[in-house]
């Protein structure tokens, strides 16, 4: 299951696409040049309970680390993941 990323100047998303249909996605918006806001996470019913949402958040964390960015998790799901995973605190804004 490959997580893809689409990025523009102001916003982007991490997503999983199967047969041309998005089955999971996490959207974000840039807030200045040093951080982005995770604003929405959605996983298709067929993937729930498989940790797909966690994988999307992990991908965002790895992206933030590689670009020296911070993350503001405003999405309730992403916020809950950040509270559970101390190892993501280095990118938390």
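Read-outs: derived from the displayed coordinates by stated rules, not from any lab. What you see is a predicted model, and the numbers here were worked out from it, not measured in a lab. Quick reminder, even Gly has a Cβ in these numbers, built from the backbone with ideal geometry, and neighbours come from all protein chains shown.
Summary of values
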{"item": "Boolean, residue 71 is touching a strand residue (DSSP E or B) at 6+ places or on another chain (Cβ under 9 Å) and either over 18 Å from residue 91 (Cβ atoms) or surrounded by 16 or more Cβ atoms within 10 Å (Cβ to Cβ) (or both)", "result": "yes"}
{"item": "Flag if residue 49 is surrounded by fewer than 18 Cβ atoms within 10 Å (Cβ to Cβ), more than 15 Å from the chain's Cα centre (by Cα) and closer than 20 Å to residue 91 by Cα", "result": "no"}
{"item": "Test: residue in region 78-85 that is surrounded by fewer than 18 Cβ atoms within 10 Å (Cβ to Cβ) and within 11 Å of the chain's Cα centre (by Cα)", "result": "yes"}
{"item": "Test: residue in region 63-75 that is under 18 Å from residue 9 (Cβ atoms), part of a helix (DSSP H, G or I) and touching a residue at least 12 places away in the same chain (Cβ under 8 Å)", "result": "yes"}
{"item": "Of all residues making up region 1-54, the number that are out of contact with any strand residue (DSSP E or B) (no Cβ under 8 Å at 6 or more places or on another chain) and not in a strand (DSSP E or B)", "result": "11"}
